[in-house]
Amino acid sequence: MNHRILVFYGSYRSDRMGIRLAHFVVEGFRARGDDVGFIDAKTVGLPIIDRMYKEYPKGTAPEALETLAGQIRNADGFVFITGEYNWGVQPGLKNLTDHFLEEWFWRPAAIASYSAGRFSGARAATAWHGTLSEMGMVVVSSTIAAGPIAHTLSAEGKPVGDGGKALEHAFPRFADDFGWWVEAAKAQRAKRPPPY
């Protein structure tokens, strides 16, 4: 079954390593037949949040916000590629996410984390779980993690070494779990409107 999935990535660094995991995830879902869009927070370039999308009078939101709001509303589910900055989340990705609220509601989200070290971004993934839940998404329990990312994925996002093999092995379960929730949410939204 074809799902419309948005993959979000948020590093603003000049030498971005997490883009490797983003490429791996995008290609993994495309290989399964999904319609995958890639949203790079650095490319979108939203300012530090002053007003949420919903706080603009209709038709007056900046073009980047309007376009992204439509993409989010039309998606069946979301995957967040998150690096870990000092035990926390990346500010660029958090800033982009915070510009929206109702647009996220009633769809599943999955988390893929990474870091330069051996913890593979696990602490950022934990922080994102609560944030995404609060924003109205159902966060699936399966996650994937890459770390040290430079020894897990090549510059093109291809698995390398033992870490790459482990990531490749984990991806199908991650994608199956996420896909199940995407289908469940789509079926429920088709059956009856969300309660709010």
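For region 76-105, filtered to residues that are crowded, with 22+ Cβ neighbours inside 10 Å and of a type in the set (A, V, I, L, M), the residue that is nearest to GLY10 (Cα to Cα) is LEU93. Put simply, of ARG73, ARG51, ARG30 the only residue that is more than 26 Å from HIS151 (Cα to Cα) and assigned to a helix (DSSP H, G or I) is ARG73. Among the residues of region 157-194, those identified as touching a Phe, Trp or Tyr at 6+ places or on another chain (Cβ under 9 Å) and either acidic (Asp, Glu) or not in a helix (DSSP H, G or I) (or both) are GLY157, LYS158, PRO159, GLU168, PRO194. So, in region 106-116, of the ones that are surrounded by fewer than 24 Cβ atoms within 10 Å (Cβ to Cβ) and more than 14 Å from ALA75 (Cβ to Cβ), which residue ends up modelled with the highest pLDDT? For region 106-116, the residue satisfying everything is SER115.
Criterion applied to ASP15, ASP35 was being closer than 22 Å to ALA170 by Cα and among the charged types (D, E, K, R), and the one residue passing it is ASP35.
Here is the figure for region 36-79: residues that are of a type in the set (Asp, Glu) and either over 27 Å from HIS3 (Cβ atoms) or touching a Phe, Trp or Tyr at 6+ places or on another chain (Cβ under 6 Å) (or both) total 3. Restrict the check to region 4-27 and report whether at least one residue is surrounded by 14 or more Cβ atoms within 10 Å (Cβ to Cβ), charged (D, E, K, R) and over 19 Å from ILE144 (Cβ atoms). Yes, because at least one residue in region 4-27 is surrounded by 14 or more Cβ atoms within 10 Å (Cβ to Cβ), charged (D, E, K, R) and over 19 Å from ILE144 (Cβ atoms). Against the test of being within 20 Å of PHE174 (Cβ to Cβ), among the aromatic types (Phe, Trp, Tyr) and modelled with pLDDT under 95, the options PHE24, PHE119, PHE80 yield a single qualifying residue, PHE119. Per the listing TRP181, TRP104, the residue uniquely under 23 Å from VAL89 (Cβ atoms), out of contact with any Pro (no Cβ under 9 Å at 6 or more places or on another chain) and not hydroxyl-bearing (Ser, Thr, Tyr) is TRP104.
Could you go through region 134-143 and let me know if any residue there is part of a helix (DSSP H, G or I), under 28 Å from PRO91 (Cβ atoms) and modelled with pLDDT of 95 or more. Yes: one or more hits. All of THR60, THR67, THR43 fail the test of being among the β-branched types (Val, Ile, Thr), outside any helix (DSSP H, G or I) and free of Cβ contacts under 8 Å to residues at least 24 places away in the same chain, apart from THR60.
Residues that are assigned to a helix (DSSP H, G or I), out of contact with any Leu (no Cβ under 9 Å at 6 or more places or on another chain) and touching a residue at least 12 places away in the same chain (Cβ under 8 Å) within region 101-133 comprise GLU102, ALA122, ARG123, ALA124, ALA125, ALA127, HIS129, THR131, LEU132, listed in sequence order.
The values are calculated or read from the model by the stated rules, or taken from the named source; none is laboratory data. Small disclaimer: the values here were computed from a predicted structure and weren't measured. Neighbour counts are summed over all protein chains in view; Cβ atoms, including those assigned to glycine, are modelled from backbone coordinates with ideal geometry.
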